1. Among the listed residues GLY64, GLY103, identify the single one that is buried (at least 21 other Cβ atoms within 10 Å of the Cβ), small (Gly, Ala, Ser) and not in a helix (DSSP H, G or I).
2. For GLU78, only one of the following conditions fails: (1) modelled with pLDDT of 95 or more; (2) touching a helix residue (DSSP H, G or I) at 6+ places or on another chain (Cβ under 7 Å). What is its number?
3. Determine if segment 73-85 includes at least one residue that is crowded, with 16+ Cβ neighbours inside 10 Å, within 16 Å of the chain's Cα centre (by Cα) and in a helix (DSSP H, G or I).
4. Return the residues of segment 167-187 that are over 18 Å from GLN114 (Cα atoms), assigned to a helix (DSSP H, G or I) and basic (Lys, Arg); say none if nothing qualifies.
5. Right, ALA29: out of contact with any strand residue (DSSP E or B) (no Cβ under 7 Å at 6 or more places or on another chain) and either at positive phi or at pLDDT 50 or above (or both) or not?
6. Output the residue which, of all residues in segment 106-123 that are under 15 Å from ASP47 (Cβ atoms) and not in a helix (DSSP H, G or I), is most open to solvent (accessible area, probe 1.4 Å).
7. Condition first: among the basic types (Lys, Arg), more than 12 Å from the chain's Cα centre (by Cα) and modelled with pLDDT of 95 or more. Now tell me which residues in segment 107-163 satisfy that.
Amino acid sequence: MSIKRQGPFLPTTKNKNAAFYPSDGRLAAGERGEMISAQLIRQAETDMNGLHSACRAAASRRNGSAALRKEHLRAAEEFRKYQSPLLELWSAQAQRDIVAGSGGWRGTAILYLQISPRFFRSGYLRDVVCTRLKQASLTHSERKDVQDALLTSIVRRPSTGSFRYDCRLAIKVADRSFLQELRALCKTRNPWISGRAQRMEQVILRHAPPSFPTDI
């Protein structure tokens, strides 16, 4: 496992949905104009899950002896100190750049949405990403990428994050073709898929402007 200890990550008290924020002021890849890769996202997922599992295992043994209590503290510290450029998506600067479209953070946000990694508090981060993308003026290709990610999220089980944030983002990116694909999912016999698709369709139509093509 590749563990990076380039600087401390501290619990934030400013945002209840934020797990960590970078504290050393360095520029992340997205701030330098580089988009974070799918490989890096998957590596962060693997690293975080490994560290979290080790921490939980050590916690279950910590009452056995003083040595085991120290082992738990070491595991917790390893988890707390872990750093990946991906986690800088929590930063205020990255989130401003998602909305503004500057640097590589918007592309990283869309890729994060598409991959939907599962690690400690990744669902909260996904909710934040959905919110920022909803606030952004997306290009046509970005809108299509987000649509594909949302359609995939309907089918994905278990889900990541709160589905209501997907629905709110769907209001922003929905068009005739998206609604057609959504209604096809509504007709599937799988209750998980059809139920989520129907919920998203209802949210879209509830907030649709008068000009929106609902008679498909």
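1. Values: GLY64 fails: buried (at least 21 other Cβ atoms within 10 Å of the Cβ).
GLY103 is the lone residue from the list that is buried (at least 21 other Cβ atoms within 10 Å of the Cβ), small (Gly, Ala, Ser) and not in a helix (DSSP H, G or I).
2. It fails just one condition, (1).
3. yes
4. ARG176, ARG183
5. Details: out of contact with any strand residue (DSSP E or B) (no Cβ under 7 Å at 6 or more places or on another chain): yes; either at positive phi or at pLDDT 50 or above (or both): yes.
In short, yes.
6. Checking each candidate, the answer is ARG118.
7. Let us first name the residues in segment 107-163 that are among the basic types (Lys, Arg), namely 118, 121, 126, 132, 134, 143-144, 156-157.
Among the residues that remain, those that are also more than 12 Å from the chain's Cα centre (by Cα) are: 134, 143-144, 156-157.
If the condition is that a residue be among the basic types (Lys, Arg), more than 12 Å from the chain's Cα centre (by Cα) and modelled with pLDDT of 95 or more, then LYS134, ARG143, LYS144 are the ones that fit.
For (1) free of Cβ contacts under 8 Å to residues at least 60 places away in the same chain; (2) open to solvent by 60 Å² or more (accessible area, probe 1.4 Å), each residue gets a yes or a no:
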| residue | (1), (2) |
| --- | --- |
| LEU125 | no, no |
| THR139 | yes, yes |
| LEU150 | yes, no |
| PHE163 | yes, no |
| ARG176 | yes, yes |
| MET200 | yes, no |
| HIS207 | yes, yes |
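The values are calculated or read from the model by the stated rules, or taken from the named source; none is laboratory data. Note that this is a predicted model, so its numbers are computed, not measured. Positions of Cβ are backbone-derived with ideal geometry, glycine not excepted, and every protein chain shown enters the neighbour counts. The accessibility values were calculated without ligands, DNA or RNA, using every heavy atom of the protein model including side chains. Shrake-Rupley method; radii C 1.70, N 1.55, O 1.52, S 1.80 Å.
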